[in-house]
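A short write-up of the structure that comes next.
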There are 2 protein chains.
Amino acid sequence: MFDLLRKHILKRIDLTKAEFQQCTTYFIPKRVRKHRYLLESGDVSRYAAFVVKGCLRSYTIDQAGEEHIAQFAIEDWWIGDPYSYFENQPSVYSIDAFEDSELLLLDRASMEKLCLAIPKFERFFRLLLQANFIASQRRIMQSLSATAEERYLQFLKNYPAIFSRVPQKQIASYLGITPQSLSRIRRHLSKHA
Amino acid sequence: MFDLLRKHILKRIDLTKAEFQQCTTYFIPKRVRKHRYLLESGDVSRYAAFVVKGCLRSYTIDQAGEEHIAQFAIEDWWIGDPYSYFENQPSVYSIDAFEDSELLLLDRASMEKLCLAIPKFERFFRLLLQANFIASQRRIMQSLSATAEERYLQFLKNYPAIFSRVPQKQIASYLGITPQSLSRIRRHLSKHA
DNA sequence: AAATGACGTTAACCTAGGGTAACTATGCTA
DNA sequence: TAGCATAGTTACCCTAGGTTAACGTCATTT
């Protein structure tokens, strides 16, 4: 259960066995079945969730009633709503599972305690945040400069593992296009390549 | 010079006078004249820049030769390319000034030293990153769900101070539309409101 | 076996915003 | 003072992607 988390953390900081043992005590294992919710919009996102197994998404519904996917998460990723989590405000996002999933949850207070107990974790979370921030900057610039087709190809290249695990219409939503457009793009690509 | 920085930091963490004094030693004051560059794409973004006075932007040029603005910065904001800065890679962004500007620069090594000397700064930078990450998430969701006109109105509302200090075409670029479209949107708004 | 309901595909039509270009207005620079 | 570059506006036409709707294919339920 904790093995993937161990590897995940060691990618960013060094930890002794004892430190890792200690750190695991702050996490709460949790299963979320297919189609079930980890977070419902309107609630506060109490947990940052590390995905040990499975596949989930976070999404909002806008004023026009349209769903927009903020993020997918599979093994070795985190999912949550950072705004709600850090600011303790009701979330506009919902998070649900595409597959039966196993998570390790870390609530805000535990994160704080963990950082106090093992100060290296302050650095770990800073690095994590950094990576996420950089990725979201990239997504912004791509949405400004690339066509739907280019964004789709980039998605395939960057996240092949996700592509094969979520319905196409979800990918369309992530890319900011309709499922019909994505279908057209795929047809066009299959003809011309 | 350092007064604004002091207030800026105190918004997020507590600092004694001595600690603040010490922290200032890590920053390098720098002036950038109107139309001059702080960073040119291809170079490594060696500094995170805190804006004491002035107005700057960071932008990329895509394969099609189009400029896209990643960020504006005025007083009390930071500007830089986090990817290049933290990963020590050549940047795809350039940063230049719309007005004569005064900055306080913090290079990577100094940031590291500062965090070691006054560990509270590890937290400060984490909070800063957090705020930026949350803001960029919001920008992503907005670009997925809002029309150009809605995004323009949001921009006006969120950043009125920037609106009045940069050319319209720069705002268009930030919003991901052409200057012509922005002009049309403005005409439409002036008629219907 | 039939019914229901996701999902993906295709087609016909529509619209927000892009591309090009002409015309101002406002600087700078010589 | 002219000359030139940059910014903003408007108009015309065009295109990427949205909208609506029909149809086929699965998988799940009854």
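The values are calculated or read from the model by the stated rules, or taken from the named source; none is laboratory data. Being a predicted model, the structure only gives us computed values, none of them experimental. Every residue, glycine as well, gets a Cβ built from its backbone with ideal geometry; the counts of neighbours run over all protein chains shown. All accessible areas refer to the heavy atoms of the entire protein, side chains included, with ligands and DNA or RNA removed. Shrake-Rupley method; radii C 1.70, N 1.55, O 1.52, S 1.80 Å.
To keep it simple, each residue is scored yes or no on (1) within 16 Å of DNA strand D (Cβ to nearest atom); (2) under 25 Å from B:Tyr85 (Cβ atoms); (3) in a helix (DSSP H, G or I).
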residue	(1), (2), (3)
A:Leu104	no, no, no
A:Cys115	no, yes, yes
A:Ala131	no, yes, yes
A:Arg151	yes, no, yes
A:Phe155	yes, no, yes
A:Ala161	no, no, yes
A:Ala172	yes, no, yes
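Could you please let me know if A:Ala109 is over 16 Å from A:Leu38 (Cα atoms) and within 16 Å of DNA strand C (Cβ to nearest atom)? Against the criterion (over 16 Å from A:Leu38 (Cα atoms) and within 16 Å of DNA strand C (Cβ to nearest atom)), A:Ala109 does not qualify. Take the conditions within 14 Å of chain B (Cβ to nearest Cβ) and either among the acidic types (Asp, Glu) or open to solvent by less than 80 Å² (accessible area, probe 1.4 Å) (or both) and apply them to A:Asp81. Does it pass? For A:Asp81, the condition - within 14 Å of chain B (Cβ to nearest Cβ) and either among the acidic types (Asp, Glu) or open to solvent by less than 80 Å² (accessible area, probe 1.4 Å) (or both) - is met.
Take the conditions (1) over 19 Å from A:Ser164 (Cα atoms); (2) touching a strand residue (DSSP E or B) at 6+ places or on another chain (Cβ under 9 Å); (3) crowded, with 16+ Cβ neighbours inside 10 Å; A:Phe98 misses just one of them, which is (1). Scan the stretch A:63-78 for residues that are within 14 Å of chain B (Cβ to nearest Cβ), under 10 Å from the mean Cα position of the chain (by Cα) and not in a strand (DSSP E or B) and the total you get is 0. Please verify whether the stretch B:163-170 includes one or more residues that are in a helix (DSSP H, G or I), near DNA strand D (Cβ under 8 Å from one of its atoms) and within 16 Å of the chain's Cα centre (by Cα). Yes: the stretch B:163-170 contains one or more residues that are in a helix (DSSP H, G or I), near DNA strand D (Cβ under 8 Å from one of its atoms) and within 16 Å of the chain's Cα centre (by Cα).
Being surrounded by 15 or more Cβ atoms within 10 Å (Cβ to Cβ), within 15 Å of DNA strand D (Cβ to nearest atom) and either part of a helix (DSSP H, G or I) or aliphatic (A, V, I, L, M) (or both) is a property that B:Leu182 has. Checking the structure you have, find out if any residue of the stretch B:1-19 is open to solvent by 50 Å² or more (accessible area, probe 1.4 Å), in a helix (DSSP H, G or I) and either closer than 27 Å to B:Ser91 by Cα or small (Gly, Ala, Ser) (or both). Checked the stretch B:1-19: at least one residue is open to solvent by 50 Å² or more (accessible area, probe 1.4 Å), in a helix (DSSP H, G or I) and either closer than 27 Å to B:Ser91 by Cα or small (Gly, Ala, Ser) (or both). In the stretch A:156-170, of all residues being near DNA strand C (Cβ under 8 Å from one of its atoms) and either charged (D, E, K, R) or within 14 Å of chain B (Cβ to nearest Cβ) (or both), the one that is least open to solvent (accessible area, probe 1.4 Å) corresponds to A:Gln170. Here B:Pro29 meets the list (1) open to solvent by less than 80 Å² (accessible area, probe 1.4 Å); (2) more than 24 Å from B:Phe121 (Cα to Cα) almost entirely, failing just condition (2).
Restricting the stretch B:43-62 to residues that are open to solvent by less than 20 Å² (accessible area, probe 1.4 Å) and in a loop (DSSP other than H, G, I, E, B) leaves a set whose member that is farthest from the other protein chains (Cβ to nearest Cβ) is B:Gly54. In summary, A:Leu104 fulfils each of the numbered conditions (1) touching a Phe, Trp or Tyr at 6+ places or on another chain (Cβ under 8 Å); (2) within 13 Å of chain B (Cβ to nearest Cβ) with the single exception of condition (2). Restricting the stretch A:81-102 to residues that are of a type in the set (A, V, I, L, M) and either closer than 18 Å to A:Asn132 by Cα or in a loop (DSSP other than H, G, I, E, B) (or both) leaves a set whose member that is nearest to the chain's Cα centre (by Cα) is A:Ile95. Looking only at residues in the stretch A:138-155 that are small (Gly, Ala, Ser) and at the interface with chain B (Cβ under 10 Å from one of its Cβ atoms), which one is least open to solvent (accessible area, probe 1.4 Å)? Step by step, filter the stretch A:138-155, then rank; the result is A:Ala146.
Could you tell me which residue of the stretch B:171-181 is farthest from the chain's Cα centre (by Cα), considering only residues that are within 14 Å of chain A (Cβ to nearest Cβ) and within 9 Å of DNA strand C (Cβ to nearest atom)?
Only one residue tops the list, namely B:Ser181.
Please determine whether any residue of the stretch A:27-39 is farther than 23 Å from A:Ile162 by Cβ, away from every other protein chain (no Cβ under 14 Å) and of a type in the set (A, V, I, L, M). Yes.
From the list B:Ala117, B:Ala135, B:Ala109, B:Ala131, which residue is touching a Cys at 6+ places or on another chain (Cβ under 9 Å), open to solvent by 10 Å² or more (accessible area, probe 1.4 Å) and more than 7 Å from chain A (Cβ to nearest Cβ)? Talk me through it step by step, then tell me what you get.
Details: B:Ala135 fails: touching a Cys at 6+ places or on another chain (Cβ under 9 Å); B:Ala109 fails: touching a Cys at 6+ places or on another chain (Cβ under 9 Å); B:Ala131 fails: touching a Cys at 6+ places or on another chain (Cβ under 9 Å).
Step by step, each of B:Ala117, B:Ala135, B:Ala109, B:Ala131 is checked, and only B:Ala117 is touching a Cys at 6+ places or on another chain (Cβ under 9 Å), open to solvent by 10 Å² or more (accessible area, probe 1.4 Å) and more than 7 Å from chain A (Cβ to nearest Cβ).
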